[in-house]
Amino acid sequence: MEPDEESNYTPQEKATYSKIKEYVKEKYGVNVHTSYIAQVKRMCGLDMGENYNKSKKENPEVKQCPQEKVEYIKDALRYFKLI
């Protein structure tokens, strides 16, 4: 559905993991891993879809997101109006 000339409706951009990564890279010059984004989203209590790429290991090693990158990701989540 295309917005017509009389309407002020514009579809809202979805905040995908790749868009969040791109935002952080452009603004801070830092790469963030998708697992870090997921950790921060959990910290903020955001709804998340099911992870279809789960590790098959019994106790997978999960690296904790550094505090500096937590702040960068939170900034991106604010930018996309998720928090």
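No lab work stands behind these numbers, since they all come straight from the coordinates. For clarity, every value in this text was computed on a predicted model and none was experimentally measured. Every residue, glycine among them, receives a Cβ derived from its backbone with ideal geometry; neighbour counts consider all protein chains shown.
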Report summary line: Averaged over all viewing directions, the convex hull of the alpha carbons in region 34-78 casts a projected area in nm² of 3.6 nm²
Report task. Could you run the Karplus curve 6.51 cos²θ - 1.76 cosθ + 1.60 with θ = phi - 60° over region 33-44 and give me ³J(HN,Hα) per residue in whole Hz, x for Gly and Pro? Result -> 7, 4, 5, 5, 4, 4, 4, 5, 4, 5, 4, 8
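Once the other residues with Cβ under 10 Å from the Cβ of V40 are scored (Lys, Arg +1; Asp, Glu -1), what is the net sum? Each step should come with its number before you reach the end.
Values: positive: K41, R42, K69, K74; negative: E71.
Neighbour charge sum, excluding V40 itself: +3.
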